[in-house]
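Asks: My questions all concern the structure below.
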Ligand SMILES: Cc1cc2nc3c(=O)[nH]c(=O)nc-3n(C[C@H](O)[C@H](O)[C@H](O)COP(=O)(O)OP(=O)(O)OC[C@H]3O[C@@H](n4cnc5c(N)ncnc54)[C@H](O)[C@@H]3O)c2cc1C
Ligand code: SF4
């Protein structure tokens with residue numbers, strides 16, 4: 001495997017224009033994907049020395065730009081993000097292991113491949129590996145989707161994508177001679193079974209743009225897992241509550257996003273609307289309880305993922321109570 005280490009974006013884009021070239025940031029997923037045959041072992045363009053892709057800056061309009069090479073640990077612990085975007089920082093703190101978080105980057109997390117064990121086993125062909133079927137749909141899909149959007153049933157793996165969906169963030173993407181901003185809600189297409197995100201392999205995620213922070217925002221992240229460490233979640237929830245009186249008054253607006261549920265991160269508008277007027281420290285209103293019960297109608301479970309219908313509702317419920325500061329003992 002040949003590896004180049006460009007120092008600027010133009011060099012990286014030139015390297016990626018070579019057929020079969022692969023971008024590498026922290027390498028925590030890319031290395032495994034090449035070893036497991038998910039990705040071809042083409043030339044590698046190491047992005048870690050590319051100028052302009054690191055750091056966190058506040059812009060004049062109050063929005064914040066986070067470089068794609070920012071590590072998950074930096075997202076979790078950086079004072080600007082931890083103070084102003086608590087739901088994002090808590091999500092970063094809750095994923096993977098300390099070792100992975102110290103190496104894995106924001107851009108790589110958003111573009112990591114899904115965890116389907118058929119995809120990662122070279123003995124199987126599927127839509128994602130050039131085949132024309134999904135063996136997981138008819139086979140073992142215990143960790144699969146509970147909201148069935150299309151032929152592929154592997155849930156989206158990126159916890160940070162769920163958090164960024166809750167923040168209405170945009171991804172700044174560069175290609176050769178072009179750049180564009182992609183809302184995180186459009187970075188993934190659940191109906192396309194052939195790929196996990198919509199970017200071209202020759203494009204680079206340069207940074208993520210977060211809207212200006214909300215003073216006193218309350219945030220929570222919660223996951224349900226099959227084991228307590230080193231595991232992707234079965235279901236995860238990210239909650240943001242913009243409350244009056246800088247965080248102590250009633251909820252003025254809410255954003256709730258879930259992962260582990262569908263091919264894309266999903267926002268839950270019914271739950272978000274029902275949260276308006278909820279009081280920090282108080283319990284869940286009848287409207288919120290009804291919205292949680294309504295989540296079952298959103299689900300279209302596979303035979304092996306029926307357990308996720310109840311798990312989705314209970315995980316969101318626990319995440320809301322945590323964000324409201326009203327956790328049940
Ligand atoms: C035990 C374990 C548990 C984990 N649990 C979780 C979890 O709960 N939640 C979660 O979200 N993740 C989890 N992960 C996955 C981990 O977070 C990802 O592997 C990591 O975030 C990928 O980042 P990276 O910088 O290492 O990416 P890389 O491995 O370098 O790259 C990943 C992909 O992104 C592409 N890429 C990387 N950066 C760019 C860029 N700037 N522009 C264009 N393409 C790029 C690469 O080509 C590759 O396809 C877990 C991993 C492990 C090992
Ligand atoms: S199409 Fe998706 S769910 Fe089906 S086997 Fe391939 S990666 Fe897995």
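FYI, it's all coordinate maths here, none of it is from the lab. Please read all numbers here as calculations on a predicted model, not as lab measurements. Here Cβ is always computed from backbone atoms with ideal geometry, including for glycine, and neighbour counts include all displayed protein chains.
Asks: Could you tell me what % of all Cα pairs in the stretch 37-142 have separations over 22 Å?
Replies: 49 percent
Asks: Quote the relative contact order of the stretch 216-329 in percent (integer), defining contacts as alpha-carbon pairs under 8 Å separated by 6+ residues.
Replies: RCO, the stretch 216-329: 26 percent.
Asks: Each label point is 7 Å from the Cα along the Cα-to-Cβ direction; what then is the distance between the points at residue 176 and residue 310, in nm?
Replies: Here the answer is 5.5 nm between the modelled labels.
Asks: Name all residues of the stretch 163-197 having a backbone nitrogen under 17 Å from the label point set 7 Å from the Cα of residue 132 along its Cα→Cβ direction, giving them as ranges.
Replies: 193-194
Asks: Report, in whole Å, the centroid distance computed from the Cα atoms of the stretch 164-213 and the stretch 219-285.
Replies: 22 Å
Asks: Suppose R0 equals 22 Å. What FRET efficiency, 1/(1 + (r/R0)^6) with r the Cβ-Cβ distance, do residue 246 and residue 63 give to the nearest 0.05?
Replies: According to the calculation, E is roughly 0.65.
Asks: Then there is this: Quick one: Kirkwood hydrodynamic radius for the stretch 154-256, alpha-carbon pairs, angstrom, one decimal?
Replies: 15.7 Å
Asks: Now a separate question. For the chain, what's the relative contact order in percent, using C-alpha pairs closer than 8 Å and at least 6 residues apart?
Replies: The value is 17 percent.
Asks: Here is a follow-up. What is the diffusion coefficient of the chain in µm²/s, taking the Kirkwood radius over Cα pairs and the Stokes-Einstein relation at 10 °C with a viscosity of 1.306 mPa s?
Replies: The diffusion coefficient I find is 78 µm²/s.
Asks: Return P(r) of the stretch 275-320 (all Cα-Cα pairs; 5 Å bins starting at 0; whole %; ordered from short to long distances).
Replies: With 5 Å bins starting at 0, P(r) equals 5, 20, 29, 20, 12, 8, 4, 2.
Asks: Where does each of 207-213, 217-223 land if you order them by average Cβ count within 10 Å, highest first?
Replies: 217-223, 207-213
Asks: Based solely on C-alpha atoms, express the radius of gyration and the Dmax of the stretch 218-324 in angstrom.
Replies: 13.8, 46
Asks: A further question on this structure: How high is the FRET efficiency between residue 2 and residue 48 when r is their beta carbon distance and R₀ equals 25 Å, given to the nearest 0.05?
Replies: Once rounded, the FRET efficiency stands at 0.95.
Asks: Using only DSSP helix segments of four residues or longer, with each worth -39500 (n - 2.57), what per-residue ellipticity at 222 nm results for the chain after dividing by its residue count and rounding to 500?
Replies: Calculated from helices alone, the mean residue ellipticity at 222 nm is -8000 deg cm²/dmol.
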